[in-house]
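First comes the structure, then the notes that go with it.
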DNA sequence: TTCCAAAGTGAAGGATTCTTCAGATATGCT
DNA sequence: AGCATATCTGAAGAATCCTTCACTTTGGAA
């Protein structure tokens, strides 16, 4: 837990129901402002205004702007990690090709479900503790994928953690490209097929009966 | 050219030699501040101070802070694009396996040459026109790689642009992971081998004599 | 050596943003 | 109804930061 972690944690937990609503509204507003005005202009006042409340309410739950943004980011990253973990669970024991397509489909669904929100959060993940949260998500996903790979009946991975980390980040790259709008025309149309092909090919290089690949 | 592009361009070009030095010093200082203090605290005054000059000098060449950061980022992205283009040129006509390792090695060399600088610039690439610059670099690289793939003797790519975009961003993902320090222990040691394996497998899925793979 | 343009200086105005806190309201229990 | 507590409000102080510009210094051509 880094030194700044303490100052990034929520200030107090909602007790009554209306405060839970307030926090939820705050999160939604933060994302909306992030999308419409960008990270720089995602100010504490603007978020409160968008949420239809006063700044004071915001500071009742978060000690500062970054804590709010961190909370929003964490929620998103947790959703992603949950989705991948679930996919890993469902794919247990299946052959490589199935793992690849299942993972890609699951990942794309959760990431492309709210494209604008996903895009807006990339910026948040850059600074102020976003790295720690991203690392945490990474760790969860790598752990789940490692276990999955180890259970594959038709392959043997000498370093499942390494393979998982490379595999997942290799999927994340193109998705980021798409979300950020830096991709060529028609990128989205074939993305899923291409990622499945990519992951399948990578994983199958570890197929039994194909040598260690080295 | 977006609306803000004009305000992000340098203000005036260096004429005398000492001004060229000033600009170079400014760039170096910006990167140092970026590394040591982070994007938020990479302020116009701090950069000038680090560069050993007054703020006024900075504003002589850049209309605002973002223009300076954009210039620094652009230089880095151009270097990356140059490196990949050069690699593509040198690999012309070679078999798939050679292309894969050549591209990976070239990309890693330029990106990992100055790890701290590369890392610091990720944040800059997020906001203020960084996307446009990244897109430009992407376009250059995809163009070069597409031509290279089309020239491969042992494969037939039905959509070289798509394949190149996926391939490059798939390499960029793990590299970002490493640079951001969110990777598992020992990640760096095997990264090159793993990326070569990844890219080779992906490209070879288009090998002649292996079907179109759809 | 003389002189003009290039380059550099840095204090200060203008504009935001963050965050606090004393007071006003709302809620739910007795 | 009455009370204790949970929430909410929003003006204002404190802290930065951005950017300008009138002035000084340096470079080099005539």
Count of the stretch A:37-67 residues which are assigned to a loop (DSSP other than H, G, I, E, B) and away from chain B (no Cβ under 14 Å): 5
Log entry, pairs with first residue in the stretch B:51-66 being within 18 Å of residue B:39 (Cβ to Cβ) and not assigned by TED's automatic domain parsing to the domain that holds residue B:33, second being within 7 Å of DNA strand C (Cβ to nearest atom) and not in a loop (DSSP other than H, G, I, E, B), beta carbons closer than 6 Å, six or more apart or on different chains, reads none
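Does residue B:117 satisfy being within 17 Å of residue B:32 (Cα to Cα) and within 16 Å of DNA strand D (Cβ to nearest atom)?
No.
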From the option list B:106, B:93, single residue qualifying as at pLDDT below 95 and assigned by TED's automatic domain parsing to the domain that holds residue B:194 is B:93
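Name the one entry in A:25, A:21 that is within 13 Å of DNA strand D (Cβ to nearest atom), outside the structural domain of residue A:139 (by TED's automatic domain parsing), at pLDDT 95 or above and in a helix (DSSP H, G or I).
A:25
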Looking only at the stretch B:90-105, decide whether some residue is surrounded by 15 or more Cβ atoms within 10 Å (Cβ to Cβ), in contact (Cβ under 8 Å) with a residue 24 or more places away in the chain and within 16 Å of DNA strand C (Cβ to nearest atom). no
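The values are calculated or read from the model by the stated rules, or taken from the named source; none is laboratory data. Quick caveat: nothing in here was measured; it's all calculated off a predicted structure. Glycine also receives a Cβ, built like all others from the backbone with ideal geometry; neighbour counts cover every protein chain displayed.
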